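**Student:** The structure that follows is given in the form of structure tokens.
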Amino acid sequence: QLFGIPLDFWYGIVIMLIMWYLLTFTAFGQRALFIGQSREVARLSGFRVGSMRFTGFVIAGLIASISGIINDGVLGSATPGAGNLLLSVYAAVFLGMTTIQPGRFNAIGAGISVFFLAIGVNGMNLLGAQTYVQSLFYGGILVIAVVASRLINRRRAASAARAAT
């Protein structure tokens, strides 16, 4: 522990800050954002879309493997069911799209949403809720986050259309 907080939390903070810097302040991050917004426009602009996407998937795989190693280190063992985190990951990422930079995937927003979701799940555990309630919580948060993100994007498009006229 460091300052009374488990080391896996600090590892997550370090990874989040590295990804935030990489995606916000580097040419790679700007190219990734451009490719993510329109793959065809990026290809026509001269970006190597295929290699950028491959690099993005490699980085995502590397982060997933580091997360798995940290998770196994915290649990002290590896079980086949320990990797069933996909719903919580989707909920965290899409909830992160509604925070710091609405409508865009961003590392800081994802970090804040992971913190929020962890507090919610731990609170349910302390209240003695059944395990299936966690999936309901994640699913509900995912629906709310996707709807909020869509509303933000519609509002942004409407304001851009008003500004153009």
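**Student:** Specify the residue that is farthest from residue 18 (Cα to Cα); the eligible residues are those in segment 94-131 that are modelled with pLDDT under 80 and of a type in the set (Phe, Trp, Tyr).
**Tutor:** Going through the qualifying residues, I end up with 94.
**Student:** Being open to solvent by 60 Å² or more (accessible area, probe 1.4 Å), in contact (Cβ under 8 Å) with a residue 24 or more places away in the chain, of a type in the set (A, V, I, L, M, F, W, C) and under 20 Å from residue 110 (Cα atoms): is that true of residue 17 here? Quick ask: steps written out before the conclusion?
**Tutor:** Values: open to solvent by 60 Å² or more (accessible area, probe 1.4 Å): yes; in contact (Cβ under 8 Å) with a residue 24 or more places away in the chain: yes; of a type in the set (A, V, I, L, M, F, W, C): yes; under 20 Å from residue 110 (Cα atoms): yes.
When the stated conditions are applied, residue 17 passes them.
**Student:** State yes or no: is residue 73 in a helix (DSSP H, G or I) and either modelled with pLDDT of 80 or more or not polar (S, T, N, Q) (or both)?
**Tutor:** yes
**Student:** Look at residue 161 and say whether it is open to solvent by less than 80 Å² (accessible area, probe 1.4 Å) and either touching an Asp or Glu at 6+ places or on another chain (Cβ under 7 Å) or part of a loop (DSSP other than H, G, I, E, B) (or both).
**Tutor:** Considered against the rule, which asks whether it is open to solvent by less than 80 Å² (accessible area, probe 1.4 Å) and either touching an Asp or Glu at 6+ places or on another chain (Cβ under 7 Å) or part of a loop (DSSP other than H, G, I, E, B) (or both), residue 161 comes out as no.
**Student:** Quick one: which of 110, 118, 91 is open to solvent by less than 70 Å² (accessible area, probe 1.4 Å), farther than 22 Å from residue 153 by Cβ and of a type outside the set (Val, Ile, Thr)? First the steps, then the outcome.
**Tutor:** Details: 110 fails: farther than 22 Å from residue 153 by Cβ; 91 fails: farther than 22 Å from residue 153 by Cβ.
The conditions single out 118.
**Student:** Another question, if that's okay. Give just the number: which of (1) of a type in the set (A, V, I, L, M, F, W, C); (2) buried (at least 16 other Cβ atoms within 10 Å of the Cβ); (3) closer than 29 Å to residue 143 by Cα does residue 64 not satisfy?
**Tutor:** Unmet condition: (2).
Per-residue answers, yes or no, for (1) within 25 Å of residue 153 (Cα to Cα); (2) outside any helix (DSSP H, G or I); (3) under 15 Å from the mean Cα position of the chain (by Cα):
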site: 15; (1), (2), (3): no, no, yes
site: 23; (1), (2), (3): yes, no, yes
site: 31; (1), (2), (3): yes, no, no
site: 55; (1), (2), (3): no, no, no
site: 59; (1), (2), (3): no, no, yes
site: 68; (1), (2), (3): no, no, no
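**Student:** Go through the residues of segment 111-123 one by one and say whether even a single one is outside any helix (DSSP H, G or I) and under 21 Å from the mean Cα position of the chain (by Cα).
**Tutor:** no
**Student:** For residue 50, are the conditions met, namely being touching an Asp or Glu at 6+ places or on another chain (Cβ under 8 Å) and farther than 22 Å from residue 113 by Cα?
**Tutor:** Spelling it out, it is not the case that residue 50 is touching an Asp or Glu at 6+ places or on another chain (Cβ under 8 Å) and farther than 22 Å from residue 113 by Cα.
**Student:** Take segment 20-47 and flag every residue that is open to solvent by 70 Å² or more (accessible area, probe 1.4 Å) and within 19 Å of residue 113 (Cα to Cα).
**Tutor:** Passing the criteria: 20, 21.
**Student:** Still on this structure, please answer the following. In segment 1-14, how many residues are of a type in the set (Gly, Ala, Ser) and loosely packed, with under 12 Cβ neighbours inside 10 Å?
**Tutor:** Selection size over segment 1-14: 1.
The values are calculated or read from the model by the stated rules, or taken from the named source; none is laboratory data. Because the structure is a prediction, the values reported are computed rather than measured. No Cβ is skipped: glycine too gets one built from the backbone with ideal geometry, and neighbour counts run over all protein chains shown. We work out accessible area using only protein heavy atoms, side chains counted, and drop any ligands, DNA or RNA first. Shrake-Rupley method; radii C 1.70, N 1.55, O 1.52, S 1.80 Å.
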